[in-house]
Each structure stands twice: as structure tokens, then as C-alpha cells.
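The values are calculated or read from the model by the stated rules, or taken from the named source; none is laboratory data. The model shown is predicted, which means the values in this text are computed figures rather than measured ones. A quick note on method: Cβ atoms are made from the backbone with ideal geometry, for glycine too, and the neighbour counts reach across all protein chains shown. With ligands, DNA and RNA removed, areas are computed over all heavy atoms of the protein, side chains included. Shrake-Rupley method; radii C 1.70, N 1.55, O 1.52, S 1.80 Å.
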Amino acid sequence: QMIDAFNKHYIKNYIPGWISCIDESMCVWLNKYCPGWMCVPRKPHPFGNEYHTICDGNLKYGAPIMYQVELVEGKDRPQELGIKEFEDRGKTVGLMLRMSRNLWNTGKVVTMDSGFSVSKGILAMREKGVFGQALVKPRGRGWPVLIPGKYIDEHFNSKPLGYCETLEQVVDGIKFLIHCQKEENYVTKIMSCHGVLTPVDDHNTFRDTTNADGSRSRIQFKYPGPISRHNRAKHWVDDSNNRRHDPIALSDVWRTKWWPNRQFTFLLEVAEANAANARARARKEKAEPQLEF
């Protein structure tokens, strides 16, 4: 009920910007017998409850606002609740649709990491009027459906660093695009149903490469639109998470032993971080440290 109230409040009172990012957040809890408890070693705070979260932000100075959260329940989800909405289309597809619900029919963009590189999900979001895009990486020994990763890598072998190209497919009358850019040792791939490879003038980058004679040289190039959007927005959820925990989190102070209180603490931390970033946006400047706020 608390989580539903939080989400409904933001649906009613907040209009997200034109680009958002979906990722994960952790609610710290050390008692492994609580509902949905998990250990995620890659996270700075690996123990507790994981949430799927979505933030929008400003491409110039960040200030992300987290406006939807969903608790990862796993096997602890009560059976009487049944499966979650849209989960009959696949767990990841259902998650992508639920998290982007208040962006439907807006034509706004949602960028995601490789954990969401599911072509059916990108196409389902397009059906709902949302332009999703996700970083593509191989999974085990293969690639996601509709991604001829080996063919793309071979095609880019002879291309110069920074070279861009889009592979276009049509699935049920919808254009499905794979935007690619050559790096020194790999090819960046973004799956989406939108975007063109126009270089972004204010997003320059460089790579120090090793030449055939062993010497080093620096090559400069610009990111194209879809890859620039991903690189600038991919850390917004992490930025919000860091603001919740740095230098000290409310959950470190309120040492409750009641699991619902810990989830309430998580929502309070999110609201506090959102307030600091919202004021920064209003002032058109970077957010001040959380303790100063």
C-alpha cells in the first residue's frame, strides 16, 4: 500500500522529462528471513530488498527525480495476488511496460542497461507510445533475439574508431533499429525503435589507441544521438541512490527491526533526495550536498 501510494502520488503530481532511465536500487536490510531478501554482489549495498526504479533528469546537470518504484518480490509474492500485470508477455517485458506506464502515448524516451535488452519489450513499449532503448551485450554464448551480434562485429572489424552505422529491421510493421559505434576492442550496440546517428556536437570523447608500430595516439570523435542519450542518462538512478546513502542514509540512523518500517525508510530517502534535486532544477544549478540540504 505504501509503494502504491508513492507511485500514484507521482503519477498524479509529476510530469517526467523527455528522457528517463530504468535501473535497480537497494533497500538495505541484513535479516535474510524478510520477504524478498536478496544479495546482489555488484551493488555497493548488496544485502536487502531490490527495487526496480525509474528516474528522469537533466542532460546538463543531472538532478534526477525517482518517480516510480517496484519491489522485486520473487518467490515471496503472495499467491492470491496472481501474476503481475503484463507478465503474461514475459517477466522483463511486463516490467518494462509497468515502469513506463505514466509515459505511455507521450513519445518520450526510456534508456536501459543490457539487463533490459529484450527486443519484445522494446517493441511493446513502442506499441504504447514510448521509445525504449537498451544497451546490448551477449548473454552467455549467444545474443538477444533479433541481434546478429557476430555479424555486426565482423562488419565493423575494418571500420575506423568512432564509425557509426544502424542496422534496420522491420518487425510486424515496426522499425527495429540497432545503432552501432566502433570502439577499440568492441562495438557499442543500442537496440531501439527510434533515433538517427547525427553526431551530438557537445558530446565529444576520445580514445588512446595503440598503433601497429606500438606507438600510442589519441583519436577524438562525437557520440551519435542514441548512444549519447544512453551515456548521459544511464547513471541517473545510481546518482539518486548515491544521494540517498551519502554521507549517511536515514536507514543507518533508524535501526528498526520491523520490515515494513525499513521499506517506509526507503521511500522517505527517495523523497528526500528528490526534494534536493527538484530545488536544484528550479535554480538551474547542481544539487547541493544532501547534508547541507
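Brief remarks follow.
- Residue check for Met99: within 20 Å of Val40 (Cα to Cα), out of contact with any helix residue (DSSP H, G or I) (no Cβ under 7 Å at 6 or more places or on another chain) and open to solvent by less than 10 Å² (accessible area, probe 1.4 Å): no
- Verdict on Asn274 being open to solvent by 20 Å² or more (accessible area, probe 1.4 Å), among the polar types (S, T, N, Q) and under 19 Å from Ser25 (Cβ atoms): no
- One residue stands out in the range 280-293 among those that are surrounded by 14 or more Cβ atoms within 10 Å (Cβ to Cβ) and in contact with a strand residue (DSSP E or B) (Cβ under 9 Å, 6 or more places away or on another chain): the one that is modelled with the lowest pLDDT, namely Ala287.
- Residue pairs whose Cβ atoms lie under 7 Å apart, separated by 6 or more positions or on different chains, with the first residue in the range 266-293 and in contact (Cβ under 8 Å) with a residue 60 or more places away in the chain and the second part of a helix (DSSP H, G or I) and open to solvent by 50 Å² or more (accessible area, probe 1.4 Å), are Leu267/Met2.
- Pair list, Cβ < 8 Å and 6+ apart or interchain, from the range 190-207 residues that are open to solvent by less than 30 Å² (accessible area, probe 1.4 Å) to residues that are hydroxyl-bearing (Ser, Thr, Tyr) and in a loop (DSSP other than H, G, I, E, B): Met191/Ser117
- Considering residues of the range 1-59 that are hydroxyl-bearing (Ser, Thr, Tyr) and assigned to a loop (DSSP other than H, G, I, E, B) only, the residue nearest to Leu95 (Cα to Cα): Tyr14
- Here Gln290 fulfils each of the conditions (1) under 21 Å from the mean Cα position of the chain (by Cα); (2) within 26 Å of Lys60 (Cα to Cα) apart from (1).
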